[in-house]
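This report refers to the structure that appears directly beneath it.
None of the figures in this text is laboratory data; all of them are computed from the coordinates on show. Note that the coordinates shown come from a computational prediction; the quantities given were computed from them, not determined experimentally. Virtual Cβ from ideal backbone geometry, glycine too; neighbours counted across all protein chains shown.
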Amino acid sequence: MLVFLCRSSWLTIVGVLFAGIISGLSSAALVALINATLSNTLDTRILPWLFGGLAIAVLSSGFLSHYLLNRLSAKTVYDLRVQISRLILVAPYPYLQKLGKSALLAHLTEDITAIANASQLLPVVCINFAVVAGCMVYLSWLSWHLALVLGGVILFGVLSSNLFREWPKSAALKAREEYDVLSSGFRALTEGIRELKVHRQRSDAFMAQSLTASAEAYRRYSFRNALAFLLVNQWAQFLYYVVIGAILYVFPVWQTIDQSVIRGYALVFLFMMSPLTIITNSLGVFSRANVSLQKVRQLGDQLKRQAVEVDAPDNPEIRTTLFELSLQGVTHSFHREKENRNFTLGPIDLDFKPGELVFLVGGNGSGKTTLAMLLIGLYSPERGGIRWNGEIVDERNRDDYLQNFSVIFSDFYLFDELYGCDNDSNHLIISDYLQRLHLHHKVRVDNGRFSSVDLSQGQRKRLALLVAYLEDRPFYVFDEWAADQDPEFKHLFYTELLPSLKARGKTILVISHDDRYFYLADRCIKLEEGQIVAMNKPVPASRQTQPDEDAVQAYS
Ligand SMILES: Nc1ncnc2c1ncn2[C@@H]1O[C@H](COP(=O)(O)OP(=O)(O)OP(=O)(O)O)[C@@H](O)[C@H]1O
């Protein structure tokens with residue numbers, strides 16, 4: 001942990017150590033002074049001044065050391081949170097999909113909290129360490145023979161405690177691994193709460209087989225870790241008592257020792273017990289934090305490896321100007337573990353022009369969403385390539401390429417704020433869209449924030465459409481957008497909203513099962529088992545008012 005903080009700012013750590021040493025030495029001097037006062041060995045007139053001066057030195061250096069380390073640890077934890085979040089943002093989407101939301105959340109919550117807890121404890125431990133060191137200096141001054149023996153006992157204590165080291169370490173590691181399982185259980189609980197509530201047997205079985213089982217495993221390993229440190233702590237306490245007993249009853253027999261030295265030793269040692277207990281008690285917290293630090297580091301390294309150098313665009317105009325988009329022989333595959341076979345999409349050859357309205361249709365699992373993900377650049381093709389205005393899309397320009405698309409996924413996420421949108425200049429446009437989307441009675445936009453997103457699924461999708469409109473990108477992708485809309489709004493979407501986007505020169509890819517509106521498309525692409533099996537304009541323009549039954553049948 002200390003090494004981790006040192007990397008953030010070694011200068012602060014030097015300051016902390018300096019203040020800590022002053023605090024430790026002042027504490028030891030204070031104890032020495034109390035001891036000398038009790039033994040009547042000093043001039044009584046200066047004692048109150050000395051006592052006051054030392055107390056102020058202990059307090060102020062302790063405060064400085066705490067202040068510096070607290071500031072550093074808070075900053076380091078903040079940096080870690082922001083850095084990991086940024087790395088997640090730039091990591092390739094398939095990699096994040098593979099890691100899973102629960103694992104990512106566990107890193108951002110459990111690991112960073114464990115590191116933050118240990119960082120907050122570090123100043124306390126450092127000060128107490130300095131106090132122990134200061135006391136040892138004073139004890140050596142009282143009697144170096146006894147200090148040597150005491151040092152030997154402490155060394156023995158540290159080495160013997162180290163024998164226990166592997167046990168709590170592996171328990172902390174297993175507890176952390178179990179937390180990933182627990183975290184995905186929590187996710188299932190919160191996201192599937194309705195499904196669990198309406199089926200008692202399901203919720204009982206879920207609790208028993210999933211949540212309780214992983215919570216129990218987590219409890220077992222965490223307890224094992226805590227128990228190991230409790231034993232270390234007890235062992236250390238036992239050694240303290242052995243030392244005090246030896247000082248009081250064994251050493252005087254073995255060697256002639258001045259009574260004032262014995263008294264001083266007993267007093268200082270009793271004073272040292274509290275800092276020593278604090279140090280041994282905090283070992284468990286540091287052990288957990290080290291495991292978390294290791295986990296976060298691994299994630300950071302993996303994300304960094306995955307992250308790609310993104311070239312800044314020379315000309316920002318190019319970014320959102322689409323002239324031509326073509327997919328040439330692109331493929332993407334998934335391994336279906338349960339069936340032990342692959343799903344392969346493609347090879348796909350497709351061209352898109354500005355102002356085109358394209359429907360992508362096909363049965364469930366035929367690869368429509370996968371094709372859309374490839375098209376917008378969230379998946380990269382395993383074979384073949386995508387050309388954007390003639391330029392091949394690769395890792396250097398993928399991020400820029402993504403900025404051409406406005407997408408509403410079937411499992412979309414609606415932010416309650418219009419991030420990245422100029423709210424002042426869009427004020428009138430927003431009210432107009434709210435009217436057109438029949439949401440003006442339900443939602444207002446105040447300072448770029450929706451007054452509410454607690455709406456029906458269909459209404460939330462309409463708000464997502466408002467966001468997409470405001471993005472004003474050249475290419476729109478709607479993945480089963482109309483599935484949750486009532487027939488009236490569905491009709492409005494297909495017959496008015498889509499044509500008005502098309503009239504503005506936008507290219508639109510609509511993934512849909514609404515066969516009665518296929519006739520509106522310029523082109524209808526049908527997928528089956530990852531292959532394009534039909535690609536046509538379903539109905540001649542003259543018959544657009546009446547859906548063509550033959551065409552509908554061909555594409556349904
Ligand atoms: N993340 C994933 N990991 C593994 N397999 C996946 C993943 N996503 C999709 N697949 C597989 O790829 C195939 C195509 O899925 P896709 O979501 O593209 O179908 P779709 O045509 O959009 O289906 P639907 O109409 O049900 O939305 C499916 O058989 C699915 O099992």
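Considering only 245, 212, 493, the residue lying farthest towards the positive end of the dipole of the chain is 245, judged by Cα position with unit charges set on Cβ.
The distance linking the range 445-464 with the range 222-265 is 66 Å (Cα centroid to Cα centroid, whole angstrom). The order of the peptides 448-454, 258-264 by mean Cβ neighbours within 10 Å, most packed first, is 258-264, 448-454. Would you give the gap between the C-alpha center of the range 370-441 and the C-alpha center of the range 67-130, rounded to a whole Å? Value for the Cα centre distance between the two parts: 31 Å. Going 7 Å from the Cα of residue 294 along its beta-carbon direction, which residues of the range 174-194 have the amide nitrogen within less than 11 Å of the resulting point? So the set is 174-177. Magnitude of the charge dipole for the range 37-151, about its Cα centre and with charges confined to Cβ atoms of Lys, Arg (+1) and Asp, Glu (-1), is about 400 debye. Taken about its Cα centre, the chain carries a charge dipole of roughly 1820 debye when the Cβ of each Lys and Arg holds +1 and the Cβ of each Asp and Glu holds -1. The residue among 374, 412, 360 whose Cα reaches farthest toward the positive pole of the charge dipole of the range 316-555, with charges on the beta-carbon of Lys, Arg, Asp and Glu, is 360. Applying 0.36 nm per residue to the separation of residue 193 and residue 223 and subtracting their alpha-carbon distance, the gain on full extension is 7.9 nm.
Here the residues 351, 400, ranked from fewest to most Cβ neighbours within 10 Å of their Cβ, fall in the order 351, 400. Taking a straight Cα-Cα cut-off under 16 Å and skipping sequence neighbours fewer than 8 places away in the same chain, the aspartates and glutamates within cross-link reach of residue 526 are 349, 351, 479, 480, 514, 515, 550.
Once the C-beta distance of residue 529 and residue 395 is scaled by a Förster radius of 25 Å, the resulting FRET efficiency is 0.30 to the nearest 0.05.
Placing dummy labels 7 Å off each Cα toward the beta-carbon, the span from residue 513 to residue 60 is 7.6 nm. Among DSSP bridges having both ends in the chain, what percentage is antiparallel? Round to the nearest 5. Within the chain, antiparallel bridges account for around 55 percent of the total. Going from the residue with the fewest nearby Cβ atoms within 10 Å to the one with the most, 180, 484 rank 484, 180. The H on the amide N of residue 534, modeled in the peptide plane, is under 5 Å from the matching H of 526, each at least 5 residues off or on a different chain. Each Lys and Arg adds +1 at its Cβ and each Asp and Glu adds -1 at its Cβ; summed about the Cα centre, the range 316-555 shows a dipole of about 200 debye. Based on C-alpha pairs under 8 angstrom that are at least 6 apart in sequence, the chain has a relative contact order of 14 percent.
At full extension, residue 453 and residue 85 could sit 130.0 nm farther apart than now, given 0.36 nm per residue minus the alpha carbon distance. Calculate the FRET efficiency for residue 71 and residue 113 from the Cβ-Cβ distance with a Förster distance of 30 Å, rounded to the nearest 0.05. Computed FRET efficiency for residue 71 and residue 113: 0.95. Each residue in 348, 392, 13 was given a count of other beta-carbon atoms within 10 angstrom of its own, and listing them fewest first yields 392, 13, 348. Relative to the current alpha-carbon distance between residue 93 and residue 153, full extension at 0.36 nm per residue lengthens the span by 16.1 nm.
Using a ≥ b ≥ c from the Cα gyration tensor of the range 1-131 (square roots of the eigenvalues), is it rounded, prolate or oblate, where a/c under 1.5 gives rounded and otherwise the larger of a/b and b/c decides, a/b for prolate? Taking the square roots of the gyration eigenvalues as a ≥ b ≥ c, the range 1-131 is prolate. Considering all different alpha carbon pairs of the chain, the Kirkwood hydrodynamic radius works out to 29.5 Å.
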